[in-house]
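Q: Would you mind keeping the following structure in view while I ask a few things?
The values are calculated or read from the model by the stated rules, or taken from the named source; none is laboratory data. Keep in mind that this is a model prediction, so the values were computed, not measured. When we count neighbours, we look across all protein chains shown, and the Cβ atoms used for this are built from the backbone with ideal geometry, even at glycine. Calculation scope for accessible area: heavy atoms of the full protein, side chains included, ligands and nucleic acids excluded. Shrake-Rupley method; radii C 1.70, N 1.55, O 1.52, S 1.80 Å.
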Amino acid sequence: MSAFQVVTAQPASRMGLKGPDAAALLQQAGVSVPASPNRILASRVPNESGSTTLRVLRLGNTEFVLEQDEGDSTLAKVQSLARTAGLRAWPVTRADCSLLISGDAMFERLSRICAFDFAQLDTQPDVAVMTLLAEISVTFALEPGAQRLRIWADPGFATYLTNALQSLFPAPGHGVHP
């Protein structure tokens, strides 16, 4: 049995990339991209201290979000190519808050404040979903290789969203239990 946790995730670097040539630019930079929209792909990439996790979300045919846990070498390479490669792909600042959720009955409890059918994740573990969670627009995806969910949202809603999620999973001896 694992206790429920809501943890703020703070990747070292994050960026967006948009444009009709965004996928080609990422591939030119050596970044693997999900084959279809609304998917996530995580891979290990070299960085200053060895290697780190790079998450690539494909939100549409021409829109990507990249997050690197440590360092920024891969994202710096992508940004440099966007300036010099002559492709129609443009870096976009991303300031999302990022939360990690894990614990027993996670999906059952999340279904109380989210209309998404979490059973879909059994057959599509690499899906990136844009939906409402506690009436806030979010994007979420399973962390590849982990039993936890990563949620991205407008940073202005970080405290509200964290409190709403924690209310679903009160500490032992506090509040309602499933």
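Q: Against the condition under 24 Å from residue 127 (Cβ atoms) and either modelled with pLDDT of 95 or more or in contact with a Ser or Thr (Cβ under 6 Å, 6 or more places away or on another chain) (or both), how does residue 67 come out, does it pass?
A: No: the conditions fail for residue 67.
Q: Still on this structure, I have one more. Kindly indicate whether any position in the range 7-26 is assigned to a loop (DSSP other than H, G, I, E, B), more than 18 Å from residue 151 (Cβ to Cβ), touching a residue at least 60 places away in the same chain (Cβ under 8 Å) and in contact with an Asp or Glu (Cβ under 8 Å, 6 or more places away or on another chain).
A: Yes, there is a match, as at least one residue in the range 7-26 is assigned to a loop (DSSP other than H, G, I, E, B), more than 18 Å from residue 151 (Cβ to Cβ), touching a residue at least 60 places away in the same chain (Cβ under 8 Å) and in contact with an Asp or Glu (Cβ under 8 Å, 6 or more places away or on another chain).
So that you can scan it fast, the table gives a plain yes or no per residue for (1) open to solvent by less than 50 Å² (accessible area, probe 1.4 Å); (2) of a type outside the set (A, V, I, L, M, F, W, C); (3) farther than 21 Å from residue 142 by Cβ:
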site: 27; (1), (2), (3): no, yes, yes
site: 31; (1), (2), (3): yes, no, no
site: 40; (1), (2), (3): yes, no, no
site: 45; (1), (2), (3): yes, no, no
site: 49; (1), (2), (3): no, yes, yes
site: 52; (1), (2), (3): yes, yes, no
site: 55; (1), (2), (3): yes, yes, no
site: 58; (1), (2), (3): yes, yes, no
site: 62; (1), (2), (3): no, yes, yes
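Q: Quick check on the range 109-163: of everything there that is hydroxyl-bearing (Ser, Thr, Tyr) and within 16 Å of the chain's Cα centre (by Cα), which residue is nearest to residue 55 (Cα to Cα)?
A: 139
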